[in-house]
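Peer 1: Here it is: the structure, laid out below.
The values are calculated or read from the model by the stated rules, or taken from the named source; none is laboratory data. None of these values were measured; they are calculated from a predicted model. Don't worry about glycine lacking a Cβ; one is built from the backbone with ideal geometry, like all the others, and counts go over all protein chains shown. Note: areas computed on protein heavy atoms with side chains; ligands, DNA, RNA excluded. Shrake-Rupley method; radii C 1.70, N 1.55, O 1.52, S 1.80 Å.
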Amino acid sequence: MPKNEAIILASTSPSRRALLANAGIAFSSMRPHVDERATEAPFLKTGATPDFLAGLLSRAKALDVAGRAPGAFVIGGDQVMAFEGLPYSKPENREEARAHLKRLSGKTHYLMSAFAIARDGEILFEACETAALHMRPLDEAEIDRYLARLSDEVLFSSGVYQLEGPGVRLFERIDGDFFTILGMPMLQLLAALRKFGALHD
């Protein structure tokens, strides 16, 4: 691949693509060849924190795609949910999703959103932001009604919600940047792209 000055998002996530597109960033996207579970497994055994894991996966994705796109500014991103100090995995079925919501009901959990910018095998910049989400108490009937409205895309997300949709009704307070909640700290990303000359306003 020829050397270029392009911006590439190391993801095909619709939400992350939409965030960059809505910000007016000209970019292309490539799927990273990263096995996320295998990448994080050795660190989970040693008690790695959720923010460390988010940064680890962001760097891995950015470096993987940068290795296939010489000269490009490659953005890798990842989000990890934390509850009671530990990473929280995605549910694998509807019963697990119901159990997730019962555990989160009336409590606070955290979303750690990280990104890394890589170019030619080097990480130029990385950052991680945290948002705290306070879920209101939910009874079982409310949980069942909520789950009945969900698409599979939302059902199998870590927190079993998207704040852009009905998921916002689950919360009584949210502390944090909206972009962080959506999975990409956009203000820090835009500042970093300007710093390295990849973005011109």
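Peer 1: Residues being farther than 17 Å from F83 by Cα, modelled with pLDDT of 90 or more and either more than 17 Å from the chain's Cα centre (by Cα) or open to solvent by 70 Å² or more (accessible area, probe 1.4 Å) (or both): count how many of those fall in the range 173-196.
Peer 2: Looking only at that region, the number is 8.
Peer 1: Check E96, E84, E40, E92 and return the single one that is open to solvent by less than 40 Å² (accessible area, probe 1.4 Å) and over 17 Å from F125 (Cβ atoms).
Peer 2: Among E96, E84, E40, E92, only E40 is open to solvent by less than 40 Å² (accessible area, probe 1.4 Å) and over 17 Å from F125 (Cβ atoms).
Peer 1: Here's something else I'd like to know. Taking the residues in the range 99-116 that are part of a loop (DSSP other than H, G, I, E, B) and either in contact (Cβ under 8 Å) with a residue 60 or more places away in the chain or not basic (K, R) (or both) as candidates, determine which candidate is surrounded by the fewest Cβ atoms within 10 Å (Cβ to Cβ).
Peer 2: G106
Peer 1: Considering only residues that are touching a residue at least 60 places away in the same chain (Cβ under 8 Å) and open to solvent by less than 30 Å² (accessible area, probe 1.4 Å), which ones fall in the range 125-156?
Peer 2: Scanning the range 125-156 gives A127, L155.
Peer 1: From the list A62, A54, which residue is touching a Cys at 6+ places or on another chain (Cβ under 9 Å), of a type outside the set (K, R), open to solvent by less than 30 Å² (accessible area, probe 1.4 Å) and not in a loop (DSSP other than H, G, I, E, B)? Steps first, answer last, please.
Peer 2: Values: A62 fails: touching a Cys at 6+ places or on another chain (Cβ under 9 Å).
After applying the criteria, what remains is A54.
Peer 1: What pairs can you find where one residue is in the range 175-201 and over 15 Å from G77 (Cβ atoms), the other is assigned to a loop (DSSP other than H, G, I, E, B), and their Cβ atoms are less than 8 Å apart, with a gap of 6+ or different chains?
Peer 2: As it stands, the answer is F178/L163; R194/H200; R194/D201; A198/E5; L199/I25, since those pairs meet every condition given.
Peer 1: Right, something else. Which condition number in (1) open to solvent by 40 Å² or more (accessible area, probe 1.4 Å); (2) modelled with pLDDT under 95; (3) under 18 Å from the mean Cα position of the chain (by Cα) is the one that T46 fails?
Peer 2: (3)
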